[in-house]
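Comments concern the structure below.
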Amino acid sequence: MQLERRGATFVLGGARSGKSAFAEGLIEASAMDAVYLATGRAWDNEMSARIAQHKERRGAKWTTIEEPLDLVGALQKECSDTKAVLVDCLTLWLTNLMMAERDIETETARLLAAMIEMKGAVVLVSNEVGLGIVPENRMARAFRDHAGRLHQGVAAAAATVYFVAAGLPIKMKG
Amino acid sequence: MQLERRGATFVLGGARSGKSAFAEGLIEASAMDAVYLATGRAWDNEMSARIAQHKERRGAKWTTIEEPLDLVGALQKECSDTKAVLVDCLTLWLTNLMMAERDIETETARLLAAMIEMKGAVVLVSNEVGLGIVPENRMARAFRDHAGRLHQGVAAAAATVYFVAAGLPIKMKG
Amino acid sequence: MQLERRGATFVLGGARSGKSAFAEGLIEASAMDAVYLATGRAWDNEMSARIAQHKERRGAKWTTIEEPLDLVGALQKECSDTKAVLVDCLTLWLTNLMMAERDIETETARLLAAMIEMKGAVVLVSNEVGLGIVPENRMARAFRDHAGRLHQGVAAAAATVYFVAAGLPIKMKG
């Protein structure tokens with residue numbers, strides 16, 4: 001489970017599955033400069049607490065950037081031969097895009113193009129949300145559909161894909 | 001990932017996981033005549049759009065049959081040494097059975113018996129729905145229980161089983 | 001898939017995934033004395049029916065113990081070089097702890113310590129609940145968070161970990 005110095009790794013997993021910690025571990029085990037690209041906005045106290053907890057775990061050696069919408073722009077600005085960027089996470093980015101009424105297909109296509117052109121390493125983390133009962137809420141169903149399509153695209157564009165459950169990875173590609 | 005000319009393959013995955021496209025690919029890579037057995041009924045516009053989209057993706061080389069309830073009869077009628085039938089999907093069939101108040105155990109047993117006697121190839125696609133929080137709705141809980149038991153039976157009767165996430169298969173059996 | 005005579009095995013899976021039957025099979029295939037440690041309380045008829053069904057499947061060769069809260073105490077009392085204890089399941093135990101307003105972190109830490117010190121074999125079964133849409137209910141979100149952290153801890157302390165879907169295991173560790 002070594003990170004390539006160039007190309008994208010996709011880490012998919014459930015809520016509290018240890019996927020972020022696993023992704024951080026991949027980057028810390030590399031000799032690259034670690035950049036944390038947070039897409040989450042602290043909408044409430046639950047979220048603020050989680051962000052603070054993640055930040056504390058990572059410690060001082062990480063550079064942290066927050067970008068809720070222009071993920072592609074931030075990736076393009078940050079990427080370099082010596083850096084590994086952790087995107088945490090795609091489902092929060094998708095939530096932000098939907099709230100801002102952005103066109104999801106366009107944004108997804110831009111991300112996939114950027115992944116392929118990246119100079120350094122990028123590890124993208126996302127929540128699998130499609131393995132429960134069909135949600136009664138229409139917005140939740142739309143979100144689930146967008147997330148599933150985004151994950152298929154990202155997995156296809158990534159060189160390596162892991163599924164994480166209970167803190168343990170299953171390698172699905174690469 | 002080659003399709004056997006005889007016997008059943010089970011493709012289990014989440015919503016928008018790419019499981020139908022993966023199953024289609026298995027059949028298209030074989031030299032067999034492709035039959036699409038749709039169990040879904042267009043209850044609303046969301047569903048109609050999805051059915052139309054799937055049909056367009058498959059193209060003209062597929063024969064399409066629609067059978068919401070008598071899946072076993074349709075399978076027995078279609079199966080032959082030169083055909084590969086894609087059943088898409090078992091959870092929609094289960095929904096139709098529950099709405100029609102059919103006995104689920106009896107129908108499941110009939111399907112498992114038919115799977116074993118099939119002359120040609122069959123690929124059965126279904127949605128895993130048991131990996132979220134326990135649903136508050138009693139009907140949803142019953143559905144989840146029926147689906148889980150159906151999946152265990154189908155996986156036991158199938159020669160090959162894949163779990164698909166983000167468009168990528170994990171081989172679980174075969 | 002042989003059970004070691006000493007140490008912990010963790011079996012994680014969805015609702016109706018066949019995880020309990022798989023765990024029972026592991027213990028029955030060993031020559032050890034089988035102990036079933038049920039954490040579930042029959043809150044309603046659905047639950048009573050499920051408990052009765054599980055009990056019937058296991059048959060007479062199992063000793064059954066019920067302990068909704070003091071799982072660690074029961075494990076310490078039961079464990080011996082000749083016994084294999086099946087804990088079914090951790091999510092029900094977590095539900096009971098939350099209802100009794102116990103401190104989840106403390107209880108989790110006690111369990112992990114007990115797992116490492118166990119003399120005989122223990123197989124812990126739990127429900128993955130974090131792969132659906134974020135629940136609207138705050139209590140359900142808290143449950144999902146606790147379950148995810150518990151699963152990460154148990155998987156780290158276990159020698160062997162399986163993920164079960166449709167009755168089929170994927171070995172994740174060991």
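Overview of values
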quantity: Shortest-first nm distances, B:THR82 label point to equivalent points in other copies (7 Å, Cα→Cβ); calculated: 6.6, 6.6
quantity: Average other protein chain Cβ within 10 Å of Cβ, residues C:132-145; calculated: 6
quantity: 3J(HN,Hα) from dihedral phi, region B:2-14, Karplus parametrisation 6.51/-1.76/1.60, rounded to Hz, x for glycine, proline; calculated: 9, 7, 6, 6, 9, x, 9, 10, 10, 10, 10, x, x
quantity: Percent accessible area from carbon and sulfur atoms, region A:106-174, protein chains only, probe 1.4 Å; calculated: 57
quantity: Chain C: angle of helix C:45-58 to the longest principal axis, Cα-based, in degrees nearest 10; calculated: 20
quantity: At 7 Å out from Cα toward Cβ: B:GLU56 inter-copy label distances (nm, ascending); calculated: 5.0, 5.1
quantity: Solvent exposure, largest accessible area first (probe 1.4 Å, DNA, RNA and ligands not counted), of C:LYS61, A:LYS19; calculated: C:LYS61, A:LYS19
quantity: Helix A:19-29 vs. chain A, principal-axis angle (Cα, 0 to 90°, nearest 10); calculated: 10
quantity: Å² per residue, accessible surface of region C:7-173 at 1.4 Å; calculated: 41
quantity: Helical contribution to [θ] at 222 nm, DSSP H n ≥ 4, -39,500 (n - 2.57), averaged over the protein assembly as shown, rounded to 500; calculated: -14000 deg cm²/dmol
quantity: Using alpha-carbon coordinates, inclination of helix B:90-99 to the longest axis of chain B, degrees; calculated: 40
quantity: Residue-by-residue Karplus 3J(HN,Hα) for region A:137-149, coefficients 6.51, -1.76, 1.60, Hz, glycine and proline x; calculated: 6, 4, 4, 5, 5, 4, 4, 4, 5, 4, 4, x, 5
quantity: Minimum Cβ-to-axis distance in chain B for the rotation onto chain A, with residue, whole Å; calculated: B:GLY132, 1
quantity: Rounded FRET efficiency, nearest 0.05, which uses the C-beta distance separating C:ARG138 from A:GLU117 and R0 of 41 Å; calculated: 0.45
quantity: Rounded Å value of the spacing that divides the Cα centres of region A:64-143 and region C:71-114; calculated: 39
quantity: Reachable lysines from B:LYS171, criterion Cα separation under 30 angstrom, eight or more residues apart if same chain; calculated: A:LYS19, A:LYS171, A:LYS173, B:LYS19, B:LYS55, B:LYS61, B:LYS77, B:LYS83, B:LYS119, C:LYS19, C:LYS171, C:LYS173
quantity: Square roots of 5 times each gyration tensor eigenvalue, C-alpha, region C:7-173, largest first, Å; calculated: 23, 18, 17
quantity: List A:SER80, C:SER17, ordered by accessible area with a 1.4 Å probe, largest first; calculated: A:SER80, C:SER17
quantity: Summed buried accessible area for B+A [probe radius 1.4 Å, Å², rounded to 100]; calculated: 1700
quantity: Inter-copy label distances at C:GLY174 (7 Å, Cα→Cβ; nm, one decimal); calculated: 2.7, 2.7
quantity: Bins of 10 Å, starting at 0 and running to the largest distance - Cα pair percent for the protein assembly as shown; calculated: 4, 18, 27, 26, 18, 6, 0
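The values are calculated or read from the model by the stated rules, or taken from the named source; none is laboratory data. What you see is a predicted model; the values in this text were computed from it and never measured. Positions of Cβ are backbone-derived with ideal geometry, glycine not excepted, and every protein chain shown enters the neighbour counts. Surface areas here come from the heavy atoms of the whole protein model, side chains and all, with no ligands, DNA or RNA. Shrake-Rupley method; radii C 1.70, N 1.55, O 1.52, S 1.80 Å.
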